[in-house]
Every structure is written in structure tokens, then in C-alpha cells.
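The numbers here are math on the coordinates, done by the rules we state, and not lab data. Predicted, not measured: the structure shown is a model, and the values here were computed from it. No Cβ is skipped: glycine too gets one built from the backbone with ideal geometry, and neighbour counts run over all protein chains shown.
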């Protein structure tokens, strides 16, 4: 390769090297969902552990409501110009003291 072709690529290669060296591995935080703790110790079939379906259902219901998207657009068409101005607010209450939140997060 000739030097005139390699010189413009040098800053891009250095920037890519810095970004790759500065990258860190992924780490789980304390509030990550951990579903493997939603178990029952007394099971109807005599097993040692079995899944707690009711706790899972309650946790997913509240979690799904908390992260569900809100639609800002009106139900009717926006017309010829397509203009719309609106505000959106969303507050979610969860049962953070409930068993399924304590075990699942």
C-alpha cells in the first residue's frame, strides 16, 4: 500500500482501538430481574422445588404495566397537515414490598 492511502485511515484506526480498549464487560445490577428465585419449597407433587406460577404472574403483570409504551397520537387521523401537539405523563405504582418483588428482583 502506498503512504497516501494509509495516512487518512490512521486516525480512524486509532479511534477504533481506543474505543475497543475502553469497553467494559456487561455486569448485572442489583435490580435486575432474577426469575429463578420464584420457587415454592412445598410442592403438590412432592418435588423439592417447583415454580411459583402465581408470583410469576403477579410480577410480570406489574412489570409489564411499568414498561409498557404509551401512545401519544390521537385516535383519529391527523388530517392533511398532520400536525399534533401533546403532552404525556406516566406514573406507575408497584407493590415493592410484595413477596414476588422481593424474590424476583
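Please label the shape of the chain as rounded, prolate or oblate, based on the square roots a ≥ b ≥ c of the eigenvalues of the alpha-carbon gyration tensor (a/c under 1.5 means rounded; beyond that, a/b larger than b/c means prolate, else oblate). Oblate, since a/c reaches 1.5 and b/c is not below a/b. Here the gap between residue 57 and residue 10, fully extended at 0.36 nm per residue and compared with their Cα-Cα distance, gives a gain of 11.5 nm. Each of 49, 99 was scored by other Cβ atoms within 10 Å of its Cβ. Listed from fewest to most, they are 49, 99. Sequence-distant contacts, meaning Cα pairs under 8 Å at least 6 residues apart, place the relative contact order of the chain at 32 percent.
Taking region 46-74 and a reference point 7 angstrom along Cα→Cβ of residue 90, the backbone N atoms nearer than 20 Å belong to 58-74.
Ordered by the count of other Cβ atoms within 10 Å of each Cβ, fewest first, 77, 34 give 77, 34. Axis of helix 53-67 versus longest Cα principal axis of the chain: the two differ by about 40°, to the nearest ten degrees. Computed per residue of the chain from DSSP H runs no shorter than four, each worth -39500 (n - 2.57), the mean residue ellipticity at 222 nm is -12500 deg cm²/dmol.
Using the beta-carbon distance between residue 24 and residue 102 and R0 = 30 Å, what value does 1/(1 + (r/R0)^6) give for FRET efficiency, to the nearest 0.05?
Details: r = 29 Å, r/R0 = 0.98.
The pair residue 24/residue 102 has a calculated efficiency of 0.55.
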